[in-house]
Amino acid sequence: MHEQPQIEIPDSLQPGRGRFNFALVLAAAAALVIVAAVYFEPGRQSPPGAAPQSQHFSFGPTEREYASMLRIEGIVPSRAENFLHQEITTFSGEIVNGGQRSIRGIELTFEFFDDMNQIALRETHSAIASGAAPLAPGERRAFEVSFEHISSSWNMQQPLIHVTGLQF
């Protein structure tokens, strides 16, 4: 019996195989780009330059009761333009500890309303970070909170400010 000679073609030269690999790599890259675009979406709530809040302070019954002993005074709004020509709205004021405990951290929630008295924006910011010196009983401390993006429907009235987190 006579065997017929067989010619083997290396994998790299087989037609169609290279196109399949290229298409697979292209699809994987496209999926990665889509996932990254969703994750880094420009409209996310963490504005650039804001301190990341990895944890929120608790606000159980004890903290709620103590929050009534805190006073927020002397709120002064101001507006400025940053180096990117974006308008920044800042609220400065003081927190007064009228209670008997030292406080290591305070979170404030700001509620901005529109002309129909509906909430146009609600954001929570740390007024006293947990790494700062504690706010002793009877002591007052200045704070400043900045907002990069406030809804254009804001009625330009002072927002409501609530204590929504405490750390003793």
- Message: Considering only residues that are closer than 13 Å to Glu148 by Cα and of a type in the set (S, T, N, Q), which ones fall in the range 82-124?
- Response: Asn82, Gln86, Thr89, Thr90
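Yes or no, residue by residue, for (1) β-branched (Val, Ile, Thr); (2) within 26 Å of Thr62 (Cβ to Cβ):
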{"residue": "Glu81", "(1), (2)": "no, no"}
{"residue": "Leu84", "(1), (2)": "no, no"}
{"residue": "Ser92", "(1), (2)": "no, no"}
{"residue": "Gly98", "(1), (2)": "no, yes"}
{"residue": "Arg122", "(1), (2)": "no, yes"}
{"residue": "His125", "(1), (2)": "no, yes"}
{"residue": "Thr164", "(1), (2)": "yes, yes"}
- Message: Every residue in the range 106-140 that is more than 20 Å from Leu160 (Cα to Cα) and surrounded by 19 or more Cβ atoms within 10 Å (Cβ to Cβ), please.
- Response: Leu135
- Ile88 is checked against (1) within 16 Å of Ala127 (Cβ to Cβ); (2) assigned to a strand (DSSP E or B); (3) touching an Asp or Glu at 6+ places or on another chain (Cβ under 7 Å) and fails just one. What number does that condition carry? (1)
- Matching entry among Phe147, Phe168, Phe143 (being in contact (Cβ under 8 Å) with a residue 24 or more places away in the chain, surrounded by fewer than 16 Cβ atoms within 10 Å (Cβ to Cβ), out of contact with any Cys (no Cβ under 9 Å at 6 or more places or on another chain) and not acidic (Asp, Glu)): Phe168
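Looking at the range 116-127, is at least one residue of a type in the set (Ser, Thr, Tyr) and under 16 Å from the mean Cα position of the chain (by Cα)?
Of the range 116-127, the ones of a type in the set (Ser, Thr, Tyr) are 124, 126.
Now drop any that are not under 16 Å from the mean Cα position of the chain (by Cα), which leaves 124, 126.
Checked against the condition, which is being of a type in the set (Ser, Thr, Tyr) and under 16 Å from the mean Cα position of the chain (by Cα), the range 116-127 yields at least one hit.
Each reported figure results from applying straightforward, stated rules to the coordinates on display, with no laboratory input. This one's a predicted model, so the numbers in the text were calculated from it and none came from an experiment. Quick reminder, even Gly has a Cβ in these numbers, built from the backbone with ideal geometry, and neighbours come from all protein chains shown.
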